[in-house]
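Undergrad: One structure, pasted below without further comment.
The values are calculated or read from the model by the stated rules, or taken from the named source; none is laboratory data. In this text, all values refer to a predicted model and were calculated from it rather than measured experimentally. Using ideal geometry, Cβ is built from the backbone for each residue, glycine included, and neighbour counts are taken over all protein chains shown.
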Amino acid sequence: MNLTDATITHAWLVNVQIDALVDRLVINGVDVTAFVNERDPWYPLRTMLRPTSPADMRTAWSALDAEWHTAIDMVRARPEAAAHAQLNGEFSFVQTLRHLVFADDKWFTVPVLGESFHPSGLPNTGSLDFPFPGLDHTASPTFAAALAVFDDRRTKVRAFLDTITEADFDRPVDVLENGEHPLQECIYTLLEEGFWHLRYALRDLQSAEA
């Protein structure tokens, strides 16, 4: 939801929870931006997800990768079953890795590099019936196998970002199921998918520890 430049008046905010990028937030005449961001454990990474230069894209990708490997190290330290455990019907950690492989393939590997979907990629529920070529809906990889493909896809994106220029940003990319998008928006999708699914994964890992 994009509430940029929104003005809310004559409102009651009672027991309200907001999970958002805060760039400038004024409540009852009080600018609370700095207060929120100083206490946000995901700041400044949250602010880096829509970079406007190639250098910022590379910085954002590296920062997100560093956070992902913190989560991966947590799973490595646990039994294999922990990587496949699902809480409240959400993706397991392995399923999350597989879903991000699918997202990378859909928005980058296939339309930008001209390569194929990896068979173990896992679409979101709303896309399960779309005929993405090469997916194996019966796949059940180990944590190590899923991680190997995840790392391969992240490495390919990182290598591509080393060569991207601002002139590439508006290049049209034909994305299966979603139609044509500029390359810059495709990279934004990869960053945002990686960020939000990392947060979900860490939430579930921490809940399992409790």
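Undergrad: Of the residues 13, 64, 21, which is in a loop (DSSP other than H, G, I, E, B) and surrounded by 10 or more Cβ atoms within 10 Å (Cβ to Cβ)? First the steps, then the outcome.
TA: Working: 13 fails: surrounded by 10 or more Cβ atoms within 10 Å (Cβ to Cβ); 64 fails: in a loop (DSSP other than H, G, I, E, B).
Answer to the check: 21.
Undergrad: Of all residues in the stretch 24-43, which are closer than 26 Å to residue 199 by Cα and part of a loop (DSSP other than H, G, I, E, B)?
TA: Of everything in the stretch 24-43, those that are closer than 26 Å to residue 199 by Cα and part of a loop (DSSP other than H, G, I, E, B) turn out to be 24, 25, 32, 40, 41, 42, 43.
Undergrad: Tell me, which residue of the stretch 131-146 that is assigned to a helix (DSSP H, G or I) and surrounded by 18 or more Cβ atoms within 10 Å (Cβ to Cβ) is nearest to the chain's Cα centre (by Cα)?
TA: 146
Undergrad: Anything in the stretch 112-130 that is of a type in the set (Gly, Ala, Ser) and part of a loop (DSSP other than H, G, I, E, B)? List them, or say none. Spell out the reasoning first.
TA: Residues of the stretch 112-130 that are of a type in the set (Gly, Ala, Ser), as a first pass: 114, 116, 120-121, 126-127.
Result: 114, 116, 120, 121.
Undergrad: Could I ask something else about it? Among the listed residues 65, 73, identify the single one that is in contact (Cβ under 8 Å) with a residue 24 or more places away in the chain and not hydrophobic (A, V, I, L, M, F, W, C). Full working, then the answer.
TA: Details: 73 fails: in contact (Cβ under 8 Å) with a residue 24 or more places away in the chain.
It is 65.
Undergrad: Let me ask something additional. Out of 190, 198, 183, 161, report the one residue that is in contact with a strand residue (DSSP E or B) (Cβ under 6 Å, 6 or more places away or on another chain) and surrounded by 16 or more Cβ atoms within 10 Å (Cβ to Cβ).
TA: Working: 190 fails: in contact with a strand residue (DSSP E or B) (Cβ under 6 Å, 6 or more places away or on another chain); 198 fails: in contact with a strand residue (DSSP E or B) (Cβ under 6 Å, 6 or more places away or on another chain); 161 fails: in contact with a strand residue (DSSP E or B) (Cβ under 6 Å, 6 or more places away or on another chain).
Criteria check complete, one pass: 183.
Undergrad: Give me the residue from the stretch 24-43 that is surrounded by 10 or more Cβ atoms within 10 Å (Cβ to Cβ) and of a type in the set (S, T, N, Q) and, out of that set, farthest from residue 203 (Cα to Cα).
TA: 33
Undergrad: Then there is this: Which ones in the stretch 1-56 are in contact (Cβ under 8 Å) with a residue 24 or more places away in the chain and either more than 23 Å from residue 189 (Cβ to Cβ) or aromatic (Phe, Trp, Tyr) (or both)?
TA: Within the stretch 1-56, 42 is the sole residue that qualifies.
Undergrad: Something else: Of everything in the stretch 169-191, what is out of contact with any Lys or Arg (no Cβ under 8 Å at 6 or more places or on another chain) and assigned to a helix (DSSP H, G or I)? Give them in sequence order.
TA: Those that are out of contact with any Lys or Arg (no Cβ under 8 Å at 6 or more places or on another chain) and assigned to a helix (DSSP H, G or I): 184, 185, 186, 187, 189, 190.
Okay, residues lined up against (1) within 15 Å of residue 177 (Cα to Cα); (2) among the hydrophobic types (A, V, I, L, M, F, W, C); (3) out of contact with any helix residue (DSSP H, G or I) (no Cβ under 9 Å at 6 or more places or on another chain):
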| residue | (1), (2), (3) |
| --- | --- |
| 113 | no, yes, no |
| 121 | no, no, no |
| 127 | yes, no, no |
| 132 | yes, yes, no |
| 137 | no, no, yes |
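Undergrad: Here are the criteria: (1) at pLDDT 95 or above; (2) part of a helix (DSSP H, G or I). Tell me which single one residue 69 does not satisfy.
TA: (1)
Undergrad: Hey, another quick one. Read through the list (1) assigned to a loop (DSSP other than H, G, I, E, B); (2) within 22 Å of the chain's Cα centre (by Cα); (3) surrounded by 10 or more Cβ atoms within 10 Å (Cβ to Cβ), then give the number of the only condition that residue 96 fails.
TA: (1)
Undergrad: Hey, among 47, 52, which residue is within 15 Å of the chain's Cα centre (by Cα) and either in a loop (DSSP other than H, G, I, E, B) or closer than 20 Å to residue 3 by Cβ (or both)? Before the answer, list the steps.
TA: Numbers: 52 fails: within 15 Å of the chain's Cα centre (by Cα).
It is 47.
Undergrad: From the list 149, 175, pick out the single residue that is surrounded by 11 or more Cβ atoms within 10 Å (Cβ to Cβ) and closer than 14 Å to residue 107 by Cβ.
TA: Working: 149 fails: closer than 14 Å to residue 107 by Cβ.
Among 149, 175, only 175 is surrounded by 11 or more Cβ atoms within 10 Å (Cβ to Cβ) and closer than 14 Å to residue 107 by Cβ.
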